Every structure is written in C-alpha cells, then in structure tokens.
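Peer 1: Take a look at this one; I'll ask things after.
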Amino acid sequence: VSTQSTGASQSTMLVVTLLALFMAPSVAMFQDQAGSVDWYRSNIGRVTHAGFQKHRNSKLGFVATESSMVAAIRLSDGSVEWRQPLPEGERVTELVVGGRSLFTVSVGSDTRLRMWNNVDGALAWEHAADGTGANPVSAVISEGNGVAAIIGGERVEMRSISTGRVIWTWSAEEGTSPLGLHISEDKIYVVGESLGSLASVALDASTGAAKQSSTVAKGTVSPGGSPVHMFHGLVAYVDRSSCSVVVHQLGSDSVESTKVESFQTLDSSGCEGVNINPTRLPGHLLIETSAASTVMVQVDKSSLAVHKIHGFAGKIAFSSGTANDGQHLLAAMDVQKEGASLSLFGLGPLESLPTTVCTQVSLKENGAVQNLFLNTYTKTNGMTGTRALVVTRDDSLTLIQNNEATWQRPEALAKIRQVEFAVPPVAALDDQGNMPLVPESLLQELVGRVSALLNPSKAESVDDDNHLTSDKFGFRRIAIAMTDAGKVLALNTQTSEILWSRFYDTESHSESSTPLLKKMVMLRNSREVPPELSLIHISEPTRLLSISYAVFCLKKKKKKSKEAECT
C-alpha cells in the first residue's frame, strides 16, 4: 500500500509539473486572463546620435533618437539595458560618453543639459542653459572632470561632471563669435570669427584664463556661416566665395587655402554641394563634393595644403575609431540593392583593410544608409575588433560584425501610422480531406509538446511560408502595421514575432517630404483565401497625376494546379 501511494503521489506531481510548464502557451483564453498583457515591444525610434565606452570591457552602446529617447543598448543582442524618455518634442543635439557618465544636450521649449549614469540610466543632474539663437549650446567636449561647451555663440562654460555646477566661464570679446572647441593637453582652443577674419585663443583647461593672446589669421575670409571642423590641432572650413578649403594651424598664424577644383571636378551644383564631413581623422579630411561623391584629402603638415588620396562614389556613411596600437581607422558604409559593404581603412599611411559584406541589410529591404557609428574593442587575444551600428532609411538599427548582421531592431515600429488586423488562413487539409484541429483536451496537447521536446528530430518541420494559420478559437490574428518610415510589418498577435516586412520607397521620396504611404486597405476575402493588403501611395506631389499602388499577400495559397500570385 505504501508503494502504491508513493507511485500515485509521483504521478500527481508529474501531472502538476507538466501543467505548470505548459499552461502559459495554451491557445485558449480563460476568464482570469482577460485584460492581461501577453507581450509588448520596447522601441526607441530612429537613432540620431551614438557613443561607446572606451574601456576594453565595454558592452553597451548609448544612443539618442528622434523620438525623444536616450537609451543604452546591449551590443551582444540589441536589447535595451535602460531607456529614459525626454519631454515630448525635445531633440538631442549633442551626446558625449565619458567614463561612467553620459552627457546630453537637448532642445525643446528650452535647452537642457543633463548628465546620466550610463550604468543604470539614473539622472545625475539637470540644468537649463540660457543660450539663445538657432544653436544655443554647441561644440561640447569632455575634459578630465569637466565638460565644456559654447553657450549662445558668446561664451564658453566649463561644468563639473559630478554636480553640473559652473567651474569657470570665458566670454568672447565684442565682435567675436566662438564657433568650435578643441582640447590639446592642458589647453582648450576656442576658434571663431572676429571682425571678418578667423580667430583663435587658447584657454587654461582648469581655470579658463587665456594662456596666450588671440591669433587672428589676417587676410583670410571668415567661415561666414560654414561649419568649422576642428581636428588634431587643425581647423578647416569651406570658403564658398572662392570655393576653397581653408586650413589653419592652432597656436600659430599659419593658414592656407586650396581650391576644391584642384583635386575634384564639381558637378552642376557647384560649390553649394561642397561640405566637410564631421568625421574626425588625424591629418585628413572627408570633403563631400556632391550628394554622391566624397573625397578623402590629406593635409600637408608644413604647407597646410590638401591633396586627394582616395575617392568614394555613392551615398556613403562614415565613422572613425582607434585601434589598440593607436592606429586610426575609418569605416565607410555603402548599401546596395542586394546587400551592404563595410570598408575599413587604416590611416598613416592609408591602408585598405578587409571589406565586410552583409546580405541582411540591403537597399531593397532597408533603404539607403543614414548614419554609421564605429565601435572598436579589444578581443580576448588582445587584437582589435570592430563592429558598426548602422541606421538605414527604414529606421532599422543594425549591428554588423564578422560579415553578418548580429542583430537588427525594427525601429520603424516606434512611429506606427495605421494598423489593420487580419485572420490567418486555415491550415491545409490532411490526406483524408479533414481539417486539422487543435487538441480537444489539455492532456493531449501536453503529450504532444512533451514528445516534441524529447524527440525534436521527429517533430513536424515548420514551413516558413505556411507557419501561421488560424486557430480553433479564433484568437490568433495578424497585425499589419504601416509606419512613417515607409516600412510595413506583419506581427503575430500571440508572440509579437515579425512574420514579414516590406520597405516601400522611391527615388522621388525626399528626406523632407511627407511619408510616402498614404493609406492601407485590407481586402477581406473568405476564410479560406488570405486577405490581401493594398498600400496606396502618391508617386508625385500632386493628386492630379495617376496613383500607383502595390498589393502584398499575407500568405501565398498553394494549390496543385495553380499558385496564387501577389504583385
């Protein structure tokens, strides 16, 4: 009797354990489950700024997005470590990573300076900046225990990283407008315009006192509104009146002007399309001569003249980093119709490194590259490793490493314009013409699931083209979301899995125009035939012209004689 009782007890425990393990995935819904959350997706929006910790064990990337979000992302799997929403309408204009701190400048109803703990996202301090104008806070740099910035184009402030209090303030002379900051050893160089000429002054980094008198580059044309590019003791900007690249050496009166046409032929837009790419490289500049042409030039140390050493064609995104041995690296990203290529270059002298080809990112599925952020790290063998965060036109954030996309976040879902729900098609009939049914009893379903776990090789294979069908209770749905980025995604409402996605874009769709897709229509057919999704878009700015459309199927219905087609 004792043995039988023990056996019965063990059987009861086994049944209870199985019930605990497999109740959650049941397709039925009970009364006490109504209103509960089955899943949720955490999105942050299109990434505009990114930074990385510089120590060898760095495992996080820090980003700011156009959806007013500051977040930390695990580089291993793309999951969100923490995120902090800013007040609605605020946009981050500066993001600087230093040690265990993350400094941001955001502009909304006013300008806010914030310091975050980059481990857990806690807000260390917050201050309002009293700068005015189109760019109230600019040229943010981190130095030791402080962070410096130009405020209102009038003065430079150094604040404590730990408390945010102002350590010192330097005000520019009347008629002088600071434009950029550069740190060199114990000095902070301030570069700006003074009475129509280029001017620079060196400040003591700890006190803000002027260590040497202002040096004015006489006889040169001032930047005149063009961005000033500061890099490794040099200053460069584009003088549009002569279509030249002007280079000035900090701490001296040396200045040199080189005409762009001496190293690159310009297109019909002329000098209006010439800009200096903000990527910082020692002794080198990236000159964008048009929307589809970029030239790398080297600056001669003695004469400050520039000469071309490499050219890039197409819409290329650039980023830079530093290897363990101090070598500076340049990354160039180009997305083509069927895949993306990530090229690395070593500088000093220029050296072409192996190119990474990634087929998971393409012009067809993701659109052109918008931003590139290169991260260098130390491998276990002491060698330098590289990985890149890529932002594409469909708002996706992708980490590329070792010739593949390690993970991808579909951030288009942060801005959903319209959602339609569809019932999946029924499952195919079996050999006897019967419809497969969901197990009638919980025990039958548990037995099936345990068998699949114990004998995975005997489990039925899943056909990717037919893996989602309607369930007996009618709970399973497909949610089709149309986003502002022009991406359409279909989600399994039970699991949040993305079943398929389509990126819809045309060459006529400019960055500043309204979203291309205007309306989404579900053509609801019978239960046996999959509903069709029509995406209506306007191909030109006026509605008087013809309207083209595209139709995507949720699932192709396979027949022996004919296969349904969707175009």
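Peer 1: Filter region 151-179 for residues that are hydrophobic (A, V, I, L, M, F, W, C), more than 22 Å from residue 86 (Cβ to Cβ) and crowded, with 19+ Cβ neighbours inside 10 Å and give the result. Please lay out each step first, then the result.
Peer 2: Going residue by residue through region 151-179, those that are hydrophobic (A, V, I, L, M, F, W, C) are 151, 156, 158, 161, 166-168, 170, 172, 179.
From what's left, more than 22 Å from residue 86 (Cβ to Cβ): 156, 158, 166-168, 170, 172, 179.
Hits for region 151-179 are 156, 158, 170, 172, 179.
Peer 1: Could you list, in sequence order, all residues of region 341-361 that are of a type in the set (Ser, Thr, Tyr), outside any strand (DSSP E or B) and within 16 Å of residue 376 (Cα to Cα)?
Peer 2: Passing the criteria: only 355.
Peer 1: Hey, any hits in region 230-239 for a residue that's at pLDDT below 90, under 29 Å from residue 326 (Cα atoms) and open to solvent by 60 Å² or more (accessible area, probe 1.4 Å)?
Peer 2: Yes, region 230-239 contains a residue that is at pLDDT below 90, under 29 Å from residue 326 (Cα atoms) and open to solvent by 60 Å² or more (accessible area, probe 1.4 Å).
Peer 1: I'm trying to understand the selection: among the residues of region 341-376, which are open to solvent by 40 Å² or more (accessible area, probe 1.4 Å), more than 22 Å from residue 311 (Cβ to Cβ) and hydroxyl-bearing (Ser, Thr, Tyr)?
Peer 2: If the condition is that a residue be open to solvent by 40 Å² or more (accessible area, probe 1.4 Å), more than 22 Å from residue 311 (Cβ to Cβ) and hydroxyl-bearing (Ser, Thr, Tyr), then 359 is the only one that fits.
Peer 1: Taking the condition of being over 36 Å from the mean Cα position of the chain (by Cα) and under 16 Å from residue 248 (Cα atoms), how many residues in region 164-198 meet it?
Peer 2: The number of residues fulfilling the criteria is 3.
Peer 1: Within the group 514, 483, 495, which residue is open to solvent by 70 Å² or more (accessible area, probe 1.4 Å) and either modelled with pLDDT of 80 or more or closer than 17 Å to residue 41 by Cα (or both)?
Peer 2: 495
Peer 1: Now for a separate question. Condition test on residue 97, is it over 16 Å from the mean Cα position of the chain (by Cα), buried (at least 16 other Cβ atoms within 10 Å of the Cβ), modelled with pLDDT of 90 or more and not acidic (Asp, Glu)?
Peer 2: Criteria met by residue 97.
Peer 1: List pairs: first in region 227-256 and over 14 Å from residue 281 (Cβ atoms), second of a type in the set (Phe, Trp, Tyr), Cβ under 6 Å, 6+ apart or cross-chain?
Peer 2: Cβ pairs passing all conditions: 228/237; 246/237; 250/189.
Peer 1: Given the structure, is residue 338 under 25 Å from the mean Cα position of the chain (by Cα), modelled with pLDDT under 90 and either surrounded by fewer than 19 Cβ atoms within 10 Å (Cβ to Cβ) or assigned to a strand (DSSP E or B) (or both)?
Peer 2: The answer is yes for residue 338.
Peer 1: Let me ask you something else. Can you say whether residue 63 is open to solvent by less than 70 Å² (accessible area, probe 1.4 Å) and farther than 18 Å from residue 390 by Cβ, as far as the supplied structure shows?
Peer 2: Here the answer is no, as residue 63 does not meet what is asked.
Peer 1: Now a separate question. If residue 295 satisfies every condition in (1) open to solvent by 10 Å² or more (accessible area, probe 1.4 Å); (2) modelled with pLDDT of 90 or more but one, which is the exception?
Peer 2: Here residue 295 meets the rest and fails (1).
Peer 1: Let me spell it out: the conditions are (1) more than 23 Å from the chain's Cα centre (by Cα); (2) part of a strand (DSSP E or B); (3) under 23 Å from residue 230 (Cβ atoms); (4) not hydrophobic (A, V, I, L, M, F, W, C), and residue 126 meets all of them except one. Which number is the exception?
Peer 2: Looking at each condition in turn, residue 126 falls short on (3).
Conditions tested, residue by residue: (1) β-branched (Val, Ile, Thr); (2) at pLDDT 85 or above.
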site: 1; (1), (2): yes, no
site: 22; (1), (2): no, no
site: 30; (1), (2): no, no
site: 35; (1), (2): no, no
site: 71; (1), (2): no, yes
site: 82; (1), (2): no, yes
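Peer 1: Got a sec? Which strands (runs of 3 or more DSSP E) wholly within region 234-316 have at least 2 residues that are within 30 Å of the chain's Cα centre (by Cα) and closer than 23 Å to residue 332 by Cα?
Peer 2: Because the criterion is at least 2 residues that are within 30 Å of the chain's Cα centre (by Cα) and closer than 23 Å to residue 332 by Cα, the strands (runs of 3 or more DSSP E) in region 234-316 that meet it are 234-239, 284-290, 293-299, 306-313.
The values are calculated or read from the model by the stated rules, or taken from the named source; none is laboratory data. This is a predicted model, so every value here is computed, not measured. Cβ sites come from the backbone with ideal geometry, for glycine too, and all protein chains shown count toward neighbours. The accessibility values were calculated without ligands, DNA or RNA, using every heavy atom of the protein model including side chains. Shrake-Rupley method; radii C 1.70, N 1.55, O 1.52, S 1.80 Å.
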